[in-house]
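Here's the structure, in structure tokens; my notes come after.
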Amino acid sequence: MAAVNRIRGAFAACVVVGAAACVPAVSVKTVENPAGWRQTKWGMTVEQAAAALRPKAEAISAADSQLEKWRLADGALLTRLWIPDYALASRHFEVKLAFAEDNGLQTVVVSPRDAPGFGPLDEREAIFSDLERELRNEFGTPSLRENNPERLDVTWRRSHTDVALHLIRFAKTRVGMVALVYSPTGWDERWHRDHGAASRH
């Protein structure tokens with residue numbers, strides 16, 4: 001699935017930044033924006049999104065955004081804003097806001113602060129459960145829930161935004177990784193169609 005490839009890139013990109021521990025956590029009590037994430041809207045420029053989130057988000061320079069840890073969707077999206085400590089479901093996460101060169105803000109990835117997103121499977125399953133409970137309280141019953149031995153995906157399809165919660169399982173090593181991804185509705189399909197992918201799987 002295309003979303004998994006994008007999320008794997010997000011996990012590979014996660015790096016612990018020592019200074020992050022000194023940054024106050026961001027409150028999650030803001031009313032959810034149906035056409036974006038929190039105070040941002042899809043398509044916003046880096047400057048517009050930074051202003052909307054000020055002073056919560058830290059800027060990633062254009063040069064640094066080219067580094068592998070900030071690139072998503074095979075480099076089609078570059079992380080230009082970062083929230084190092086974001087409070088959600090009584091836990092701490094980091095948030096990456098990724099932008100397309102011509103289309104502005106296109107994806108927001110929320111993942112555990114302990115990079116690169118890998119952790120003991122039991123712990124990651126607990127994080128997933130807490131997030132799913134929080135999202136159900138906010139959005140109601142999910143549009144889709146798929147579960148198999150390798151992964152668990154829960155998606156809320158809204159009028160302008162897909163909210164997708166993912167758990168990737170590595171059963172042999174008892175390791176897992178979790179990410180919560182916000183993107184414009186149908187972004188995955190459009191990106192893979194435009195890049196010639198025959199299928200999302």
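A few points about this structure:
- Some residue of the stretch 144-154 being touching a residue at least 60 places away in the same chain (Cβ under 8 Å) and surrounded by 11 or more Cβ atoms within 10 Å (Cβ to Cβ): yes
- In the stretch 25-38, the qualifying residues are those that are surrounded by fewer than 16 Cβ atoms within 10 Å (Cβ to Cβ) and either at pLDDT 90 or above or among the polar types (S, T, N, Q) (or both), and the one that is nearest to Arg158 (Cα to Cα) is Thr30.
- In a residue-by-residue description of the stretch 44-64, the property of being within 15 Å of the chain's Cα centre (by Cα) and β-branched (Val, Ile, Thr) applies to no position.
- For Cys22: the one exception among (1) surrounded by fewer than 16 Cβ atoms within 10 Å (Cβ to Cβ); (2) modelled with pLDDT under 95; (3) under 19 Å from Glu101 (Cα atoms): (3)
- Leu165 meets all of the listed conditions (1) part of a helix (DSSP H, G or I); (2) buried (at least 20 other Cβ atoms within 10 Å of the Cβ) but one, namely (1).
- Failed item in (1) touching a helix residue (DSSP H, G or I) at 6+ places or on another chain (Cβ under 7 Å); (2) buried (at least 21 other Cβ atoms within 10 Å of the Cβ), with Lys69 passing the rest: (2)
The values are calculated or read from the model by the stated rules, or taken from the named source; none is laboratory data. Every value quoted in this text rests on a predicted model; they were computed, and no experiment measured them. Virtual Cβ from ideal backbone geometry, glycine too; neighbours counted across all protein chains shown.
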